[in-house]
Amino acid sequence: MTTLRAESLSYTTPQGRTLLSDITLHAADGETVALVGPNGSGKTTLLRCVYAALRPTGGRVLLDGADLHALPVKARARRIATVPQDADAGGIELTVREIVAMGRSPHHRFWEADTAADDTLVREALARVGIADLAARPFPSLSGGERQRALVARALVQQPDVVVLDEPTNHLDIRYQLEILSLVRELGTVNLLALHDLNLAAYYCDRICVLAGGRIVAAGPPADVLTAELLREVYAVNAEVGVHPVTGAPTVVYLPPARVTATS
Amino acid sequence: MTPRRRYPLVLGVLATVLVAAAGAGLALGSVRIPAGDVLGIVTGSAEPGPYRTIVLDVRLPRVVLGAVTGAGLAVIGTVLQALVRNPLADPFLLGVSSGASAGAVAVIVLGVGAGVATTVALPAAAFAGALAALVLVYGLARRGGSMTGGRLVLAGVAVSYVLSALTSLILVTSAGAEHVQEVLHWTLGGLGGARWDMLALPTTALTLGTLVLIALARPLDLLLVGEEGATVLGLDTGRFRAGVFVLASLLTGILVAYSGAIGFVGLMVPHAARMAVGAAHRTLLPVAALGGAAFLVLADLAARTVAAPQDIPVGVLTALTGGPFFLWMLRGRRAGAEGSPA
């Protein structure tokens, strides 16, 4: 049983800009928690604190009660996998298979080669995200969506307890948006993801945390959080929120700025 | 054929080329020795004679030093390219070799130790110079957070020039005009002075260094996905990078202490090796080492035959091929692929 907790987390840049203040959230096994909010609201900063690319300037991130930032780098990598928003392979080209196989790194001593079992995991993960045929291609030659799926495959072979995803559906076709989010849900891991699409968040996530100006302004089950009033306040948009007849999840329909409506 | 399948084939071809190049290096020169005689001398079946002295005491140590230096520079280039995530890195272009030269020359001129002490002091000073230059260039290129390829190469070339100039200055002002030859050796590199008794240290360093780096293939691969990417995959990037900095500088220092600053081998060979077998270091490093050895043995053969009896510093030839190669790489790079984090 894994639990992830952020306790009154804050982050101020060395230049003195406060990007996060007093963030508290928690998630347990099998739970998928979405971070939503306008651009610059602190979603990526929060995720980077959670996967320890940033050291918070206040508060703690606890994994099963232990301070995440006190864990050795490698032990942490065995437990938390990250799917970054934009992957960049630098000027040097590894193949898709090699990039995905890197997910096995935290499970090996640095001088050990991958085993046949590792190769199988990599093959299965590539098939699961639908890019088995791209395995031998140079990673930088892939489209944005294909890269994103390769990075999800890398997170799969990492066999983590927590998966942190930053806009995992960004470059994806609708079909793969749905497939990737379904896949992430099936893992049974603690999933924390930043999402732009409120309808996807409402359907796929157990809870939604709404960030604005580096603070959590609302948190809870999608039906409680997603209200026309909140959307107006946080995003400055008019929207109609209903319940979808098929999925039963809240659905958001945005209304053009001119046509203000009173319905909710 | 996938790069991974191509690996044994590439190794075989390169080993053959290296042996052929070494053979040619023993046979050709100011005196041309028939292949049959060379074979006899190397296998030990030939009678003692003048040919024997030329092959065993003059040409063979030079060929071995060339192979060791070429292999080492290619391995260092490969590793530096991973460290800075940029295929334009090279020990010479990043000022590391020039730093080593400056360190070595400082020791020679200051006369720190004579005899036995020099064999330790010279490589040690070259190592210190190499490390200082590498840290300086890396620091300059990274200033303000992210590092772009352009900034790295500019910083490297500037530091390289300053250190080369410093080397020349020290040598020219220290004593008489006979130092011109030495200036050429230290700033352009040359294998002309090779003797048997100077091969032990570079050969040992190359062998150990390359084996260690091949063992580090996995973390070296991780560096290619950037600092944050490598960290979330379990690599302590700060410590690892510092360790590899020291190792690469040590190897550069030891090689440069014997051969001077030979440029562009560490740029061209890793690039070609990557095209042949891909970027994964476990297969890339052995291919780069063999390729670098063969390349420098051939370049040195050309250096002492094209204008015979003039012995051109081998660095002149590697620069003549490497410079255009660098420009070609610069031109072929996609816009925005500068190794900056996205």
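Bear in mind that the values in this text are calculations on the coordinates, not laboratory data. Keep in mind that what you see is a predicted model, and the values were worked out from it rather than measured. FYI the Cβ positions are ideal-geometry reconstructions off the backbone, even for glycines, and counts take in every protein chain you see.
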Residue within segment A:142-151 that is in a strand (DSSP E or B) and closer than 23 Å to A:Leu54 by Cα present
no
Filtering segment B:2-50 down to residues that are of a type in the set (Asp, Glu) and surrounded by fewer than 16 Cβ atoms within 10 Å (Cβ to Cβ) yields B:Glu47
Helices (runs of 4 or more DSSP H) lying entirely in segment A:169-262 (those with 1 or more residues that are touching a Gly at 6+ places or on another chain (Cβ under 7 Å) and of a type in the set (A, V, I, L, M, F, W, C))
A:228-235
Return the only residue of B:Ala273, B:Ala205, B:Ala261, B:Ala302 being assigned to a helix (DSSP H, G or I) and buried (at least 24 other Cβ atoms within 10 Å of the Cβ).
B:Ala273
Taking segment B:277-313 and keeping residues closer than 20 Å to B:Leu65 by Cβ and of a type in the set (Lys, Arg) leaves B:Arg304
Only unsatisfied item for A:Pro106, checking (1) within 28 Å of A:Leu63 (Cβ to Cβ); (2) out of contact with any Lys or Arg (no Cβ under 9 Å at 6 or more places or on another chain); (3) within 11 Å of chain B (Cβ to nearest Cβ), is (2)
Test result for A:Ala101, within 23 Å of A:Ala53 (Cα to Cα), crowded, with 17+ Cβ neighbours inside 10 Å and of a type outside the set (D, E, K, R)
yes
Just wondering, is there one or more residues in segment B:67-82 that are within 14 Å of another protein chain (Cβ to nearest Cβ), among the hydroxyl-bearing types (Ser, Thr, Tyr), surrounded by fewer than 24 Cβ atoms within 10 Å (Cβ to Cβ) and closer than 23 Å to B:Ala280 by Cα?
no
Would you mention how many residues in segment A:3-20 are farther than 18 Å from A:His69 by Cβ and touching a residue at least 60 places away in the same chain (Cβ under 8 Å)?
1
Does segment B:223-244 hold any residues that are part of a helix (DSSP H, G or I), in contact (Cβ under 8 Å) with a residue 12 or more places away in the chain and facing chain A (nearest Cβ under 7 Å), and which are they?
B:Gly226, B:Glu228
Looking at segment A:175-198, I want the residues that are over 16 Å from A:Pro160 (Cα atoms) and have a partner that is surrounded by 23 or more Cβ atoms within 10 Å (Cβ to Cβ) and among the basic types (Lys, Arg) with Cβ atoms under 8 Å, at least 6 apart or on another chain. Which pairs are those?
A:Tyr176/A:Arg149; A:Ile180/A:Arg149; A:Ala194/A:Lys43
For B:Val297, state whether it is more than 14 Å from chain A (Cβ to nearest Cβ), closer than 29 Å to A:Arg55 by Cα, touching a residue at least 12 places away in the same chain (Cβ under 8 Å) and assigned to a helix (DSSP H, G or I).
no
If you go through B:Leu255, B:Leu220, the only one that is in a helix (DSSP H, G or I), buried (at least 24 other Cβ atoms within 10 Å of the Cβ), in contact with a Ser or Thr (Cβ under 7 Å, 6 or more places away or on another chain) and in contact (Cβ under 8 Å) with a residue 60 or more places away in the chain is B:Leu255
